[in-house]
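So the structure is just underneath, and the comments pick up after that.
The values are calculated or read from the model by the stated rules, or taken from the named source; none is laboratory data. Everything numeric here is computed off the predicted structure, so don't read it as measured data. A quick note on method: Cβ atoms are made from the backbone with ideal geometry, for glycine too, and the neighbour counts reach across all protein chains shown. Surface accessibility is based on the protein's heavy atoms, side chains included, excluding ligands, DNA and RNA. Shrake-Rupley method; radii C 1.70, N 1.55, O 1.52, S 1.80 Å.
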Amino acid sequence: MAKLLIRANGPLAGTIPVHGAKNAVLPIMAASLLTDEPMTIEGVPQVKDVASMIQLFDHLGIKTRLSEDRLEMQRVRAGETTAPYELVSQMRASICVLGPLLARYHRAKVSMPGGCVIGPRPIDLHLKGLQALGAVTSIEHGYIVATTPQLRGCSVHLAGAFGSSVLATGNTLMAATLAEGVTFIEHAACEPEVVDLANCLIAMGAKIKGHGSPVIRVEGVEKLHGTRHHIIPDRIETGTLMIAAAIAGGEVRIQRACPEHLGAVIDKLIETGVSIEKSNGSICVRSNRKLQAVDLTTLPFPGFPTDLQAQMMALLSVAKGVSVLTERVYPERFMHISELNRMGASITREGASAIIKGVDRLSGAPVTAPDLRASAALMIAGMVADNQTELTGLEHLDRGYEHLEQKLTQLGADIRRVGL
Ligand code: EPZ
């Protein structure tokens, strides 16, 4: 079994680049289903989720060629509109092929994504968006089946119980590009990954306005063409590296970063006592490890991202004082609490909040990553714990981070991967 052996090794120092955003590349790959022409995506991270999406694309008749960070895609077979369980169950983002398949072929059959450890993952907003555009949907034998004679422009309000939905906005947006007439998506997600998707669609010939705001206007066109698109930097990888530098201490410059995507994170880290310098395309974090407790709430963009909640909890475990961390996007996303407590943290959960009493030190222990971001949080905790931390469950880490342990090792951390 593969595991990481982690030991504290003093402050971090150096410069490190971030990869392209995993959560931008997956829907943008799905957007390539909207055209028969070749597409090239640059800045593609080498992560398992991209590999899983490539497998799904192979099934859907798209030939792919990945060399370093460039992915070339070209349709070689038309007409396959089913995304089967074996391929879709590995990755929730594959639900974003639903809108493009429906728009292009007027029919799509996509295996229902299950729940997962970060909490229930409903699909009502995906269906609402597509139904408003004129799709008839049903759930049959574990599959979402959507059909339409022709998608038509509409006004649709996409607010859910926990705010906007990133991938439901993406699905509706992609479908609307080929619908007849004008669509208004209200309460659209404003995340940078949605903006990147819209920019790629515009480069493919779509007519979109208002992306990045809660109301997106899409004027349907008959056809989209291929394009070359460069993916935005991964703000979650950037934030993870910033938090690692803050907790371990030292000075780390993160290159190819986009500070504008991380306002809430920068603000909170400064509140903990870390110094941050932003310049065009890079962020420098300086920390003397004297961290203070802060209260924070995760929210849709531009709020503090849920995908950095676990990593921030690891940091607050050793900050002076009591922090209250409230999760407003996935109120059940707290599986890492018990693992951090096994390392000596003092965290209790009250509903959608975690109460974190800062401790002087963490102690290394065998821990298992319950999900992707929790794996990074436990790695970061291990970097300041006594003795050795053994982290298993690396299949989660590898889904979304490209060689995170190698990057941290390059900055001075003591992390070794052993086993297969
Ligand atoms: C995206 O998931 C990301 N995944 C997630 O990243 C991220 O945590 C999430 O957005 C929130 O920022 C990808 O982009 C591939 P949502 P998504 O729909 O779009 C509720 C990571 O670690 N909801 O914005 O699936 C939902 O339950 C991951 O990289 C409905 O109620 O998330 C949640 O409470 C994990 N009905 C809230 O909306 C729906 O139909 C936001 O979820 C859909 C969602």
Checklist entry - Which pairs do you get when a residue that is more than 30 Å from HIS336 (Cα to Cα), found in the stretch 117-138, comes within reach of a residue that is in a helix (DSSP H, G or I) and near the ligand (Cβ under 10 Å from one of its atoms), reach meaning Cβ atoms under 7 angstrom, with the pair 6+ apart or on two chains? => result GLY129/ALA168; GLY129/ASN171; LEU130/ASN171; THR137/LEU127
Checklist entry - Out of all the residues in the stretch 331-371, which are within 16 Å of the ligand (Cβ to nearest atom), open to solvent by 10 Å² or more (accessible area, probe 1.4 Å) and closer than 23 Å to ILE6 by Cβ? => result ARG333, PHE334, MET335, PRO370, ASP371
Checklist entry - Only one residue in HIS187, HIS225, HIS157, HIS211 is on the phi > 0 side of the Ramachandran plot and not assigned by TED's automatic domain parsing to the domain that holds GLU327. Which one? => result HIS187
Checklist entry - In the stretch 307-330, how many are of a type outside the set (S, T, N, Q), crowded, with 18+ Cβ neighbours inside 10 Å and within 23 Å of the chain's Cα centre (by Cα)? => result 12
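LEU151: away from the ligand (no atom under 15 Å from the Cβ), over 21 Å from HIS59 (Cβ atoms), buried (at least 24 other Cβ atoms within 10 Å of the Cβ) and touching a residue at least 40 places away in the same chain (Cβ under 8 Å), yes or no?
yes
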Checklist outcome for this item: In the stretch 201-257, anything closer than 27 Å to GLU402 by Cβ, among the small types (Gly, Ala, Ser) and open to solvent by less than 30 Å² (accessible area, probe 1.4 Å) is listed as GLY226, GLY239, ALA244, ALA245, ALA246, ALA248, GLY249, GLY250, ALA257
Next on the checklist: Show the residue pairs meeting these rules: Cβ distance below 9 Å; 6+ apart or different chains; first residue within the stretch 93-113 and in the same structural domain as ARG75 (by TED's automatic domain parsing) and of a type in the set (Lys, Arg); second residue away from the ligand (no atom under 12 Å from the Cβ) and assigned to a helix (DSSP H, G or I).
Outcome noted: ARG104/LEU33; ARG104/LEU34; ARG107/LEU101; LYS109/LEU101
Checklist entry - Cβ-Cβ below 8 Å, separation at least six or inter-chain, first residue in the stretch 9-33 and under 15 Å from ALA198 (Cα atoms) and open to solvent by 10 Å² or more (accessible area, probe 1.4 Å), second away from the ligand (no atom under 16 Å from the Cβ) and at pLDDT below 95: which pairs? => result none
Checklist entry - Out of all the residues in the stretch 154-179, which are open to solvent by 10 Å² or more (accessible area, probe 1.4 Å) and closer than 9 Å to LEU133 by Cα? => result CYS154, SER155
Checklist entry - Looking at the stretch 80-127, which of its residues are within 13 Å of the ligand (Cβ to nearest atom) and part of a loop (DSSP other than H, G, I, E, B)? => result GLN90, MET91, MET112, PRO113, GLY114, GLY115, VAL117, ILE118, PRO120, ARG121, PRO122, ILE123
Checklist outcome for this item: Of those in the stretch 279-306 that are open to solvent by 30 Å² or more (accessible area, probe 1.4 Å), assigned to a strand (DSSP E or B) and at pLDDT 95 or above, the residue nearest to the ligand (Cβ to nearest atom) is THR297
Item to check | Among residues of the stretch 3-43, those that are part of a helix (DSSP H, G or I) and out of contact with any Asp or Glu (no Cβ under 8 Å at 6 or more places or on another chain), counted | outcome: 7
